[in-house]
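Encoded as structure tokens, the structure appears first; notes follow it.
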Amino acid sequence: MIGRAFVLALGAAMGLGCATQPAGHFTSAGYVNSTYAYSVPYAEGALVLPNGWVLDNFVSSPDGVVPRKDDGYVTSVELDRDGDRAPDCSLRIATYDLRFVHSAHPGVIWLRTFPYSYHLHEKPLEQLARDYVAYMSASGAEAAVIDDRVPGPPRVNIAVDSQSSWVVAGHPAEVLDVRETALAGTAVRRVRVVLVRPGFMYQHTNRRRETVLYPVLMVAGYSNSPESFELAAADLDILLGQITVQGVSGLIKRGQPEAATAGTDERSEPAEESPGVEENEDDGRPEEGQEPSEASGSENDIPKDAVTPSPLVLDEE
């Protein structure tokens, strides 16, 4: 068990000619993202989730508490910077900012941020959420990203039960309730995925010193077996309510879930640019050995009315 005073800093470029966008770090106030200006505060000395949730994407090591980098915990994203629908940049990013597993049932809660191509930002968020279903089918509900690669063949079947609109930390969000089923038709899980446009921009600078900006999507989710889903569905709401972007936090649920329909995107203007990662001129990849972006998240965006949760518990793998 790690006390609230524990602080860690992340930042190490991985090989393969590109940098890894770090997951974030912990301060005496809570979790702070190391690339974008958002935080998830502690309450009474712990993260915001109730008893039973174990932090999975950070582990204890001789060097302290570090993010996991094994299979499934690092993801690649292909980005198009000129609108020709061909990838110009490839980034390796931490799959999860935060991922929790429950010790008493098969529940999982996750929080992620990743950049995506600017021409996709022109789509209404409602439509982008519907497009996300194909990527969930190809990668699984937890690990899906939206980029310029055509989604691969289905790994799981995704059936959408409902779609609704919420507001997270003052920004528009689309909520998908889906059922994830193995292709063989077994192992059904209920999943709730929340896509948020938080107003962040990921900034890259290439060798020609040209600045390229990519919008960022925030995705939170909760999955569980059908019989256990309702046991902890409200815990995702707790996490969403504690996310703090530019000093704003809170969760607003606007109406009941309804079938997906075309709508107008409530787009917010980009609020923050992250520091740059230099790209190669020929293929848009960051230079080998380039350090990832430094933290731009605020450590002071901690609401006073935080929900009292359990202490921060780490997976000991």
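The values are calculated or read from the model by the stated rules, or taken from the named source; none is laboratory data. Since the model is a prediction, treat every value here as computed from it, not as a measurement. Quick reminder, even Gly has a Cβ in these numbers, built from the backbone with ideal geometry, and neighbours come from all protein chains shown.
Details
Quick grid of which residues meet (1) in contact (Cβ under 8 Å) with a residue 40 or more places away in the chain; (2) of a type in the set (S, T, Y); (3) over 19 Å from R112 (Cα atoms); (4) surrounded by fewer than 16 Cβ atoms within 10 Å (Cβ to Cβ):
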site: K123; (1), (2), (3), (4): yes, no, yes, yes
site: E126; (1), (2), (3), (4): yes, no, no, no
site: A134; (1), (2), (3), (4): no, no, no, no
site: G140; (1), (2), (3), (4): yes, no, no, no
site: V145; (1), (2), (3), (4): yes, no, no, no
site: A159; (1), (2), (3), (4): no, no, yes, yes
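- Boolean, V108 is closer than 28 Å to T186 by Cβ, among the aliphatic types (A, V, I, L, M) and more than 17 Å from the chain's Cα centre (by Cα): no
- Any chance R112 is of a type in the set (D, E, K, R), touching a residue at least 40 places away in the same chain (Cβ under 8 Å) and surrounded by fewer than 17 Cβ atoms within 10 Å (Cβ to Cβ): no
- Candidates A234, A173, A169, A184, filtered to the one that is out of contact with any strand residue (DSSP E or B) (no Cβ under 9 Å at 6 or more places or on another chain) and within 20 Å of W110 (Cα to Cα): A234
- Residue within the stretch 236-250 that is touching a residue at least 40 places away in the same chain (Cβ under 8 Å), crowded, with 16+ Cβ neighbours inside 10 Å and under 25 Å from A187 (Cα atoms) present: yes
- Of the strands (runs of 3 or more DSSP E) entirely within the stretch 25-90, those holding at least 2 residues that are closer than 19 Å to T113 by Cα and either without any contact (Cβ under 8 Å) to a residue 40 or more places away in the chain or touching a Gly at 6+ places or on another chain (Cβ under 8 Å) (or both) occupy 30-32, 38-41, 74-79.
- Hey, P257 modelled with pLDDT under 95, assigned to a strand (DSSP E or B) and more than 17 Å from the chain's Cα centre (by Cα) or not: yes
- Filtered by the rule that a residue be more than 17 Å from R68 (Cα to Cα), among the hydrophobic types (A, V, I, L, M, F, W, C) and modelled with pLDDT of 70 or more, the stretch 12-31 gives a lone residue, A29.
- Test: V108 is modelled with pLDDT of 85 or more, more than 21 Å from V145 (Cα to Cα) and aliphatic (A, V, I, L, M): no
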